[in-house]
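Asker: Could you have a look at this structure, given as structure tokens, before my questions?
The values are calculated or read from the model by the stated rules, or taken from the named source; none is laboratory data. Model, not experiment: these values are computed from the prediction. Quick reminder, even Gly has a Cβ in these numbers, built from the backbone with ideal geometry, and neighbours come from all protein chains shown.
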């Protein structure tokens, strides 16, 4: 590889913070995740592909060492597998890796705290109402941090790590991604103390990484569409959601793929209003246009107010 010296230096910096961190090809990482989560039903979801912590014996039962580009002399007992960045010398890559290290560190400390009886996933679940819990799970599913069948404990862990990522790195987006949860919530205060998230954040930043702090944007910026890879499976799944009546989820998924059928899914929402409120053709057309204008922000990621409005 032309950039092997840069990758070696980046690996050295990562391992100075997290000894088990290894940069590996994305394809091999996804394969390791899929096999380690295999439920035997041909519907295994690849999640948490930004990093994956796994014991060496389990890992090498699933994939060959050569697939991961790991040295035969590597004696680490536990690995934190991280995909090789496209441009290892860029500031953006170092920021993303620092964020990944922080997330992984919070995950690790969370697991330790649960094992030690310092945290209870059931207590966390009970502190949320049904709608808020559903929106939180939906967010984590879209961020590919959890799968549909993951336990409450895993949802709790990923929600905690994600929340502190936003709190430390993008506080200006708190209301967009975690609506209804205050930054000063006693639960977050307790979690911060138990996990020492302030200390973890300082410990997991690569040399030279700086974060811009923007508490209140001066203006509402244009929303970039989060495009996802199009496949027949994803399209089929989106259309199946529409058949079940989940037109909003179908519209968002299709919109992110650039599929024009996203508008038809939203139009069905307006048609429901037409039947419920007895709109005439002009009123129905107005609501179809209005609802379509909300779609770009609703599909931008997180749980912004536009998506909450359409959801309600």
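Asker: State whether one or more residues within the stretch 119-131 are touching a strand residue (DSSP E or B) at 6+ places or on another chain (Cβ under 8 Å) and assigned to a helix (DSSP H, G or I).
Answerer: Of the residues in the stretch 119-131, the ones touching a strand residue (DSSP E or B) at 6+ places or on another chain (Cβ under 8 Å) are none.
No, that holds for no residue.
Asker: I'm checking my understanding of the structure. Among residues of the stretch 137-154 that are outside any loop (DSSP other than H, G, I, E, B) and without any contact (Cβ under 8 Å) to a residue 40 or more places away in the chain, which one is surrounded by the fewest Cβ atoms within 10 Å (Cβ to Cβ)? Steps first, answer last, please.
Answerer: As a first pass, look at the stretch 137-154 and keep what is outside any loop (DSSP other than H, G, I, E, B): 137-142, 152-154.
Now narrow it down to the ones that are without any contact (Cβ under 8 Å) to a residue 40 or more places away in the chain: 137, 140-141, 152-154.
Details: 137: 18, 140: 21, 141: 17, 152: 13, 153: 17, 154: 20.
Looking at the filtered set, the residue picked out is 152.
Asker: Take residue 157 and decide whether it is assigned by TED's automatic domain parsing to the domain that holds residue 8, within 14 Å of the chain's Cα centre (by Cα) and either buried (at least 20 other Cβ atoms within 10 Å of the Cβ) or touching a residue at least 40 places away in the same chain (Cβ under 8 Å) (or both).
Answerer: Details: assigned by TED's automatic domain parsing to the domain that holds residue 8: no; within 14 Å of the chain's Cα centre (by Cα): yes; either buried (at least 20 other Cβ atoms within 10 Å of the Cβ) or touching a residue at least 40 places away in the same chain (Cβ under 8 Å) (or both): yes.
Against the criterion (assigned by TED's automatic domain parsing to the domain that holds residue 8, within 14 Å of the chain's Cα centre (by Cα) and either buried (at least 20 other Cβ atoms within 10 Å of the Cβ) or touching a residue at least 40 places away in the same chain (Cβ under 8 Å) (or both)), residue 157 does not qualify.
Asker: Considering the stretch 276-312 alone, what residues qualify as being modelled with pLDDT under 70 and under 12 Å from residue 251 (Cα atoms)?
Answerer: Within the stretch 276-312, just 311 meets the criteria.
Asker: Six or more apart or on different chains, Cβ under 9 Å: which pairs go from a residue in the stretch 255-274 that's surrounded by 15 or more Cβ atoms within 10 Å (Cβ to Cβ) to one that's modelled with pLDDT of 75 or more and not in a helix (DSSP H, G or I)? Could you list them?
Answerer: Listed pairs, sorted by first residue: 255/299; 256/299; 262/299; 270/279; 273/279; 274/280.
Asker: Kindly indicate which of 200, 188, 195, 178 is modelled with pLDDT under 90 and surrounded by 17 or more Cβ atoms within 10 Å (Cβ to Cβ). Reasoning before the result, please.
Answerer: Details: 200 fails: modelled with pLDDT under 90; 188 fails: modelled with pLDDT under 90; 195 fails: modelled with pLDDT under 90.
From the options 200, 188, 195, 178, the qualifying one is 178.
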